[in-house]
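Asker: Below is the structure I would like to discuss, written out as structure tokens.
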Amino acid sequence: MLISRRKLLAGATLAMFATLAPVQRAMAQDKPITIVVGSPAGGTTDALARLIARSLGDTLHRTVVVDNRPGAGGNIAAQYVARATPDGSTLLMSFTGHTINASLYKNLPFDPVKDFTPITMVARVPSVLVARKGVPFDNTAGLIDYAKKNPGKLTFAIGAQGSSLHLASEQFKLATGTDIVNIPYKGTNPALTDVLGNNTVDLMFASTVNVLPHLKSGTLKFLGVSSKDALPQFPGVPPIGQTVKGFESSAWFGLFGPAKLPPSVTDQLYRAVKVAVEDPAYKKRMDTEAATAVSMTPQAFGAFVRSDIQHWAKVIQASGTKVE
């Protein structure tokens, strides 16, 4: 019986190393991996990239760094990765803007589908409609009433043009018939800083990850969440859909490589990222911040990206959204 148990243990150990060996053989001797992010440090995309980077480095036994290249709604970072050597050393942590920009920008310097290799989605995050503490209303209904009586007086901070947060503001204005001026920023963090400043901009759709720390501070007014249902992490903050019928919005975040990334490398990266996404600590972190951990195969993620481009094209056309 002792010999049998030893054989079983040895067999299980060999099986585990057989599974990890292809990843280590193909990846361990290469140069460091750089995850490029199209937003400044401090935003949701950046935070997720850094979480994934730490786990990816541990799994692949490689140095993984995050390179912030903000601007143009994430297009500067995307163009950089699209032109990178397809060897798995340069990756893009992108967001919903990747599929929105396909219709929002007339002359992109890359093709959002053809110039990238989808690896996997890593998270979905709803948003929260917040206002500076000095505005003369405390809920979504009050906002709508004030905006209709004062067209063009209120302002929306746009953390990244072409992001789901940008489109959430456009959907809100379209659904409520309000005239609110957009003020574009180069990232969520600087936009939120000005809303917190209480004198530069009035409103913002921000991800749950970024505004949750301010829930108890009294430095912001929380008007509503963009999810279909109320979020336990935001007690007392109702879904916007209770006031604006059918309103719902969320962002997705995912990892891409350049086009023509070898299938074996794509699969190895996907399996390594899956380790991070399925880690109980990662899932707990996502749940704490009202986000959802997502693991999606490269094939499924690619199909999702193509479908999402079509979805946002319809929204952009209906709202008349333009890049400012």
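The values are calculated or read from the model by the stated rules, or taken from the named source; none is laboratory data. Because the structure is predicted, anything quoted here is derived from the model rather than measured. Every residue, glycine among them, receives a Cβ derived from its backbone with ideal geometry; neighbour counts consider all protein chains shown. Protein only, heavy atoms only, side chains kept; ligands, DNA and RNA dropped before computing areas. Shrake-Rupley method; radii C 1.70, N 1.55, O 1.52, S 1.80 Å.
Asker: Which whole-angstrom value gives the distance between the alpha carbon centres of the stretch 216-295 and the stretch 85-164?
Answerer: 14 Å
Asker: Using 0.36 nm per residue of separation minus the Cα-Cα distance, give me the extension gain between N150 and I76 in nm, one decimal.
Answerer: Details: separation 74, 0.36 × 74 = 26.64 nm, distance 3.63 nm.
So the extension gain works out to 23.0 nm.
Asker: Does the stretch 64-156 come out rounded, prolate or oblate, given a ≥ b ≥ c as the square roots of the eigenvalues of its C-alpha gyration tensor, rounded meaning a/c under 1.5 and, failing that, prolate meaning a/b above b/c?
Answerer: Details: a/c = 3.12, a/b = 2.38, b/c = 1.31.
Prolate.
Asker: Among bridges DSSP assigns within the stretch 126-242, what percent are antiparallel (round to 5)? Each step should come with its number before you reach the end.
Answerer: Numbers: 10 of 17 bridges.
The antiparallel proportion sits near 60 percent.
Asker: Of the cross-linked pairs K216/K284; K153/K228; K133/K284, which ones have a Cα-Cα span greater than 25 Å in the structure shown? Numbers along the way, then the final one.
Answerer: On the way: K216/K284 21 Å; K153/K228 29 Å; K133/K284 30 Å.
Among K216/K284; K153/K228; K133/K284, the Cα-Cα distance tops 25 Å for K153/K228; K133/K284.
Asker: Another question, if that's okay. With the dipole of the chain worked out from charges on the C-beta (+1 for Lys and Arg, -1 for Asp and Glu) around the Cα centre, which of T266, F256, L129 lies farthest toward the positive end?
Answerer: Sorting the options by dipole projection puts first T266.
Asker: On to the next question. Compare K31, K314 by solvent-accessible area with a 1.4 Å probe and give them largest first, with all protein chains kept in place. Present the calculation step by step, with values, prior to reporting the outcome.
Answerer: Details: K31 110, K314 150 Å².
Ranked from most to least accessible, the order is K314, K31.
Asker: Still on this model: Put E170, E278 in order of accessible area, largest first, 1.4 Å probe: what do you get?
Answerer: Numbers: E170 25, E278 90 Å².
From most accessible down to least: E278, E170.
Asker: Considering only DSSP beta bridges with both partners in the chain, what is the antiparallel share in %, to the nearest 5?
Answerer: Values: 25 of 41 bridges.
The antiparallel proportion sits near 60 percent.
Asker: Using a 1.4 angstrom probe on the protein heavy atoms only, line up H61, H214, H166 by accessible area, largest first. Spell out each step's value before the answer.
Answerer: On the way: H61 125, H214 45, H166 5 Å².
Order by accessible area, largest first: H61, H214, H166.
Asker: F116: net charge of surrounding residues, Cβ under 13 Å, Lys/Arg +1, Asp/Glu -1, itself excluded?
Answerer: Working: positive: R83, K114, K260, R306; negative: D111, D115.
Local charge sum for F116: +2.
Asker: Here are several values of Cα Rg over 2.2 N^0.38 Å: [x] 1.08; [y] 1.25; [z] 0.99. Which one was derived from the coordinates shown?
Answerer: After the calculation, the listed value that fits is [x].
Asker: Give me the 1.4 Å probe accessible area per residue for the stretch 126-242, excluding ligands and nucleic acids, in Å². Provide the component values of the computation, followed by the final result.
Answerer: Working: 4570 Å² over 117 residues.
Solvent-accessible surface per residue comes out at 39 Å².
Asker: While we're on this one: Go ahead and set up a Gaussian network model of the chain, Cα springs under 10 Å, then flag whichever of L91, L220, L51 fluctuates most.
Answerer: Of the options given, L51 has the highest mean-square fluctuation.
Asker: Placing one identical point scatterer on every Cα of the stretch 230-324 and ignoring solvent, what is log10 I(q)/I(0) from the Debye formula at q = 0.14 Å⁻¹?
Answerer: Summing over Cα pairs of the stretch 230-324 leads to -0.80.
Asker: How high is the relative contact order of the chain, given as a whole-number percent (alpha carbon pairs under 8 Å, six or more residues apart)? Don't skip to the end; give the middle numbers.
Answerer: On the way: 644 pairs, mean separation 83.3, N = 324.
Worked out over the chain, it gives 26 percent.
Asker: Among rounded, prolate and oblate, which fits the stretch 126-242 when a ≥ b ≥ c are the square roots of the eigenvalues of its C-alpha gyration tensor, a/c under 1.5 means rounded, and a/b larger than b/c means prolate?
Answerer: Values: a/c = 1.24, a/b = 1.09, b/c = 1.13.
Rounded, since a/c falls under 1.5.
Asker: To continue, here is another question. Report, to the nearest whole %, how much of the accessible area of the stretch 116-212 belongs to carbon and sulfur atoms, 1.4 Å probe, protein only.
Answerer: Values: 1530 of 3150 Å².
So the carbon and sulfur contribution to the accessible surface is 49 percent.
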